[in-house]
Amino acid sequence: MLRRHKGRESASSSDSTFYQLRPDCAHNVPDTKFKIKIGKTLSVRKWHAAFTHHGSLHIASVLNRIQSGGVHPAIRGEVWEFLLGCFDPESTFDDRDHIRQARRIQYARWKEQCKHMDPHVGSGKIITAPIITEDGVPIKDPLVLLEAATPDQQASSITTKNGDDADHRLTDKQTIEWKLTLHQIGLDVLRTDRSMVFYEKKENLSKLWDILAVYAWIDKEVGYCQGMSDLCSPMIVLLNDEADAFWCFERLMRRLRGNFRCTQQSVGVENQLQHLASIIQVLDPKLHDHLETLGGGDYLFAFRMFMVLFRRELSFGDSLYLWEMMWALEYDPDMFSTYEESGPATDRSAQGYKPRVKSTRQFGKYERANMKSATNGVDGPVPISVFLVASVLKENSQKLLQEARGLDDIIRILNNVNGNLDAKKACAGALKLHAKYLRKMQGKKA
């Protein structure tokens with residue numbers, strides 16, 4: 001059922017009380033620009049008022065509010081479950097209760113499978129050192145075990161003779177590959193959002209590790225890659241239940257898992273980098289030529305922005321504000337049914353823009369523009385994140401043209417974006433560039 005939140009909402013207050021920073025780290029992170037504004041931010045009251053008696057959601061009014069001023073932190077987790085396609089806006093309270101319960105059971109089953117393969121899962125411990133070799137032989141180094149194992153395992157394993165290792169060799173390649181990632185997940189978890197008071201609690205760190213370990217097991221094609229901890233962390237902060245946080249992360253990965261799919265020939269994010277290059281070439285050919293001259297024509301300098309969606313360029317609160325505006329602008333009410341049909345750990349499928357019975361008001365502004373122009377490639381419409389990165393480059397175009405004399409200069413200039421990027425302005429800039437790009441492309445076709 002819908003949770004009720006109490007508390008007075010000031011006319012223009014910060015969300016800093018929701019995402020507290022450790023005093024010794026406060027000066028090392030960008031300032032938060034997001035303010036809770038009455039009449040613009042989706043408030044607790046407006047959110048509750050958007051539901052009918054049975055629980056269906058008037059998504060159009062919610063999208064308008066989010067696009068105008070983001071989401072009040074007190075309800076962010078609930079709202080994100082709709083924005084990410086965990087629930088259908090036309091579902092009832094009872095529908096969602098049944099779905100939520102079924103998903104919690106499914107997550108518990110997957111977690112139990114992982115725990116059976118490695119007892120560190122669900123133990124409250126985090127592995128930060130390798131526990132297996134690439135040949136499937138368990139690593140019995142005492143220092144590794146003291147760091148990685150539970151107390152009971154330490155006592156028995158340290159006394160095990162090295163000659164017994166071969167007897168415990170694993171042969172299943174998928175299990176070996178999964179176990180090889182566990183310590184890397186642990187190392188990344190310990191580096192993720194450590195400026196936040198929230199992660200001073202070990203149970204929150206272990207919750208993040210468990211979710212990423214389970215996801216790495218169910219998504220065997222992609223597994224775990226660096227950067228996923230930055231994407232998963234907000235889900236842990238916003239949603240109390242571990243299973244609910246997992247499913248929000250799984251839905252987010254439907255959009256982004258292609259970025260992490262790498263081969264010997266290409267990086268997963270290559271499609272978006274190519275889209276970015278094409279957009280800048282059309283909208284700012286002078287800048288594109290300059291970047292190409294400096295050896296940046298592949299746009300790999302923008303790699304990080306795509307992989308973690310501006311987490312490093314913005315404060316924690318502002319990155320959440322940016323994400324929810326992006327998702328509201330891209331919102332498609334058919335997301336839930338599409339995801340349910342395709343199953344977990346799959347890509348968001350490109351459906352094309354066939355006539356639908358739903359009102360276009362139920363779609364985000366960016367999605368409506370794509371529908372109107374019938375913009376649809378092999379992989380679906382270009383994500384708004386590409387136009388967000390393009391807006392950052394356009395904003396810094398003169399600086400790049402005048403000061404950049406090599407790739408290091410490009411990276412330095414873009415790194416200086418930290419603390420200066422405004423989430424709402426960036427989204428507005430992305431929409432303007434998108435409209436301009438569509439006009440130019442349609443002009444070429446005419």
Counting only protein heavy atoms, what percent of the accessible surface of region 173-226 is carbon or sulfur at a 1.4 Å probe? 50
Along the three principal axes, how long is region 255-349 when you take its alpha carbons, biggest first, rounded to the nearest angstrom? 46, 34, 24
Packing-based ranking, highest mean first, of 283-292, 70-79 given that Cβ atoms within 10 Å are counted: 70-79, 283-292
Considering only the other residues whose Cβ falls under 12 Å of the Cβ of MET228, what net charge follows from Lys and Arg at +1 and Asp and Glu at -1? -2
Determine the principal axes of the Cα atoms in region 285-327, then give the extent along each, sorted from largest to smallest and rounded to whole angstroms. 37, 17, 14
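ARG65: net charge of surrounding residues, Cβ under 12 Å, Lys/Arg +1, Asp/Glu -1, itself excluded? Don't skip to the answer; put the middle values down first.
Details: positive: LYS37, LYS40, ARG45, LYS46; negative: GLU324.
Once positives and negatives cancel, what remains is +3.
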Proximal charge balance of ILE384 [Cβ under 11 Å; K/R count +1, D/E count -1]: 0
What ranking do 125-132, 309-316 get when scored by the average of other Cβ atoms within 10 Å per residue, highest first? 309-316, 125-132
5 angstrom amide H check on LEU42, placed H, neighbours 5+ away: GLY69, GLY70, VAL71, HIS72
So what J values fall out for region 399-412 if you push phi through Karplus, 6.51 cos²θ - 1.76 cosθ + 1.60 with θ = phi - 60°, rounded to Hz, Gly and Pro as x? 5, 5, 5, 8, 10, 6, 10, x, 4, 4, 5, 4, 5, 4
For region 194-250, go through all pairs of different Cα atoms, get the mean of 1/r, take its inverse, and jot down that Kirkwood value in Å. 11.5
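Only loop residues by DSSP count here, and only those with at most 16 other Cβ atoms within 10 Å; note down the trypsin sites (Lys or Arg not before Pro) in region 393-426 that meet that. Can you show the working numbers first?
Values: sites: LYS394, LYS399, ARG405, ARG412, LYS424, LYS425; in loops: ARG405.
Sites meeting the loop and neighbour criteria: ARG405.
The values are calculated or read from the model by the stated rules, or taken from the named source; none is laboratory data. Because the structure is predicted, anything quoted here is derived from the model rather than measured. Heads up, the Cβs are rebuilt from the backbone with ideal geometry, glycines too, and the neighbour counts pull from every protein chain shown. Quick note on the areas: whole protein, heavy atoms, side chains included, nothing else; ligands and nucleic acids left out. Shrake-Rupley method; radii C 1.70, N 1.55, O 1.52, S 1.80 Å.
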